[in-house]
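**Student:** Take a look at the following structure, please.
The values are calculated or read from the model by the stated rules, or taken from the named source; none is laboratory data. Keep in mind that this is a model prediction, so the values were computed, not measured. As a convention, Cβ positions derive from the backbone with ideal geometry for all residues, glycine included, and neighbour counts pool all protein chains shown. Surface accessibility is based on the protein's heavy atoms, side chains included, excluding ligands, DNA and RNA. Shrake-Rupley method; radii C 1.70, N 1.55, O 1.52, S 1.80 Å.
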Amino acid sequence: MNVESRIRQAKPAYLRANSDQAAEAVWDKLQQRETALVQKRSRISRVSIAVAAAAAVIICLIGSGFVSPIMASALKQLPLIGGLFGQAGDAGLQTVAEQGMIQNVNTSVTHNGVTFTISDMMYDGTRISMVLTRETSDGNNPPLKKWVDKSTDTYIAALKKGETPSDVIEVRANGEKLAVSRHLASDIMHHNSSILTIQPDVGVTGSSSFDLPEQFEFEVKIQDATINQEFKLGFPVTKTTNQYIVLASEKAKSHGDYDMSISKLEMTEATMQMEVRLDFKAGQEMEAIGDHLGYDVLNERGELATLLGGSSAEGTDEKSYVNVLLFEPFKELPKTLFVKPYVQENKEKVYIKELEFTLSVQ
């Protein structure tokens with residue numbers, strides 16, 4: 001069986017998640033609405049976050065729905081604000097927390113006995129991550145999953161009626177709404193708090209990086225269907241990391257009916273993000289191939305970068321496709337990076353030698 005056939009029959013493990021499959025039907029409806037607005041089709045195809053996986057149409061939160069009274073009492077004694085990056089974040093967020101590269105915004109809004117708080121934040125140019133907490137005046141503080149599920153169900157119900165619902169979470173920078181994907185990762189220790197991560201929607205923006213200044217005014221709008229209330233939290237944001245390295249492949253490599261190039265590979269203290277461009281001689285196979293490719297990134301020591309998530313979307317023209325992969329950064333800045341594309345068959349990776357890249361860092 002040749003590689004092209006394998007591509008059509010196999011998907012990487014992070015593309016086969018049940019939550020992704022369950023979301024497809026609704027996501028297609030969302031895309032029809034977005035296409036009418038922006039004349040572009042963007043399709044988030046895979047998302048996984050360390051500690052708790054997140055993959056859904058708007059937000060899908062996997063976490064604990066039950067905390068015993070004894071545990072709840074104990075949790076109240078634990079420090080929460082400012083601690084979730086270090087406790088539940090991926091390796092990059094833990095690193096910036098340890099090095100003090102986070103911004104303490106500590107802003108809250110209360111309506112009808114419900115308070116949303118954004119405490120710590122990290123912005124490095126490729127993603128915005130923040131600690132989001134929802135508290136109730138009765139002290140019960142139910143899991144975030146409950147309000148996410150209800151708000152998402154309300155969104156979908158409105159969509160089915162042909163209405164234009166409000167986004168569960170919407171963000172703006174300097175007053176302009178951002179086209180983004182949103183992911184929530186919950187920590188079982190603090191079940192009513194989460195790390196909310198915002199990234200550009202490459203299918204709409206054409207870029208996997210934010211086109212924002214190092215300082216800007218940020219607003220987060222949250223639609224809470226459990227009490228039918230909108231919350232707005234605004235505050236200034238400053239880029240908190242120092243390192244910013246951008247690499248790219250010198251030329252494209254060919255395989256079958258398409259060429260592959262690494263448009264950019266960005267590295268900060270918090271994030272390693274790779275944008276891969278596929279250019280096709282004929283456009284009909286773009287999605288079939290683009291959504292089935294996986295990528296391993298290794299350093300000169302043979303250490304494999306940990307994948308956090310990714311997305312796929314059509315490129316800026318009719319015959320291109322873009323894969324965006326988010327990885328945890330290596331503990332030490334590598335000298336060389338090796339990118340190895342593959343397809344997965346029966347839990348085994350089949351690497352495509354013709355498409356392997358070597359990128360010099362130092």
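**Student:** Which order do the peptides 246-252, 319-325, 339-345, 102-108 take when ranked by the mean count of other beta-carbon atoms within 10 Å per residue, highest first?
**Tutor:** Numbers: 246-252: 12.4, 319-325: 22.4, 339-345: 20.4, 102-108: 16.6.
Listed from highest to lowest mean packing, they are 319-325, 339-345, 102-108, 246-252.
**Student:** Hey, quick one: spin label on ASN174, modelled 7 Å out along Cα-Cβ, who in region 206-231 has an amide N within reach, i.e. under 15 Å?
**Tutor:** 210-219, by backbone N distance to the label point.
**Student:** Listed here are the pairs LYS150/LYS177; LYS264/LYS349; LYS177/LYS232; LYS253/LYS353; LYS253/LYS331; which of them are more than 18 Å apart at the Cα? Mind showing how you got there, number by number?
**Tutor:** Details: LYS150/LYS177 24 Å; LYS264/LYS349 24 Å; LYS177/LYS232 13 Å; LYS253/LYS353 10 Å; LYS253/LYS331 29 Å.
Over 18 Å Cα-Cα: LYS150/LYS177; LYS264/LYS349; LYS253/LYS331.
**Student:** Based on the Cα gyration tensor of region 212-362, what are the three equivalent ellipsoid semi-axes, each the root of five times an eigenvalue, rounded to whole Å and given largest first?
**Tutor:** Details: eigenvalues 196, 99, 49 Å².
Equivalent ellipsoid of region 212-362: 31, 22, 16 Å, largest first.
**Student:** Under a plain spin-label model, where a point goes 7 Å from the Cα along Cα-to-Cβ, how far apart in nm are ALA158 and GLU230?
**Tutor:** A separation of 0.9 nm, rounded to one decimal place.
**Student:** Calculate the length of the line joining the C-alpha centroid of region 162-233 to that of region 244-267, in whole Å.
**Tutor:** Cα centres, region 162-233 to region 244-267: 29 Å.
**Student:** While we're looking at this one, here's another question. Could you state the accessible area per residue of region 165-316 in Å², with a 1.4 Å probe and every protein chain left in place? List each step's numbers first, then the result.
**Tutor:** On the way: 5870 Å² over 152 residues.
Normalised by residue count, the accessible surface of region 165-316 is 39 Å².
**Student:** Let me ask another. At what distance in nm do the modelled label points of ILE245 and THR136 sit from each other, each positioned 7 Å from its Cα along Cα→Cβ?
**Tutor:** Simple spin-label model gives 4.8 nm for this pair.
**Student:** Here is a follow-up. Measure off, as a whole percent, the carbon and sulfur share of the 1.4 Å-probe accessible area of region 187-293, all protein chains present.
**Tutor:** Working: 1870 of 4230 Å².
Solvent-exposed carbon and sulfur of region 187-293 make up 44 percent of the total.
**Student:** If I take R0 = 25 Å and measure r between the Cβ atoms of THR115 and GLU217 in this structure, what FRET efficiency does the formula 1/(1 + (r/R0)^6) give, to the nearest 0.05? List each step's numbers first, then the result.
**Tutor:** Details: r = 22 Å, r/R0 = 0.88.
That pair, THR115 with GLU217, gives E of 0.70.
**Student:** For region 247-306, state the average projected area of the convex hull of the C-alpha atoms over all orientations, rounded to one decimal in nm².
**Tutor:** Numbers: hull surface 20.2 nm².
In nm², the orientation-averaged hull projection of region 247-306 is 5.0.
**Student:** Then there's this: Report the full-extension gain for the segment THR107 to GLU287: residue separation times 0.36 nm, less the Cα-Cα distance, to one decimal in nm.
**Tutor:** Values: separation 180, 0.36 × 180 = 64.80 nm, distance 4.16 nm.
Stretched out fully, the THR107 to GLU287 stretch lengthens by 60.6 nm.
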